1. Residues in region 60-92 that are modelled with pLDDT under 90, outside any loop (DSSP other than H, G, I, E, B) and surrounded by 10 or more Cβ atoms within 10 Å (Cβ to Cβ): how many?
2. If you take the residues in region 11-59 that are of a type in the set (A, V, I, L, M) and open to solvent by less than 30 Å² (accessible area, probe 1.4 Å), which one is farthest from residue 69 (Cα to Cα)?
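The values are calculated or read from the model by the stated rules, or taken from the named source; none is laboratory data. From a predicted model like this one, the values you see are computed outputs, not experimental measurements. In this analysis, Cβ positions are derived from the backbone assuming ideal geometry, glycine residues included, and neighbour counts consider all displayed protein chains. Side chains included, ligands, DNA and RNA excluded: accessible areas come from the protein's heavy atoms. Shrake-Rupley method; radii C 1.70, N 1.55, O 1.52, S 1.80 Å.
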Amino acid sequence: MTDPLLEIAVKVLNQYHPVSFAELWDKVSEEANLDASNKKSKISKFYTNLSIDGRFFNVGGNVWDLKSNFTFNETHKDTGAYLDDEDDFDDI
């Protein structure tokens with residue numbers, strides 16, 4: 001089941017992109033008609049879901065956009081550069 005707040009985020013980012021998390025949350029919570037109490041209680045779950053949902057991309061500085069607006073190379077890091085040629089598991 002998809003979080004309805006994330007579906008609203010997709011619509012917002014299709015219209016305004018990229019945007020800061022604060023601006024995105026303001027637009028999403030307004031569109032969802034969240035009152036102040038719900039807005040405060042749902043922000044952390046929204047951020048977590050936004051972070052793990054593969055449709056969204058943090059472009060840096062907590063500014064978000066849709067991953068579909070970027071190329072594969074822009075959204076993925078080569079983790080091979082972080083690997084050491086030395087076998088770090090010899091001492092285990």
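1. So the answer is 5.
2. It comes out as 28.
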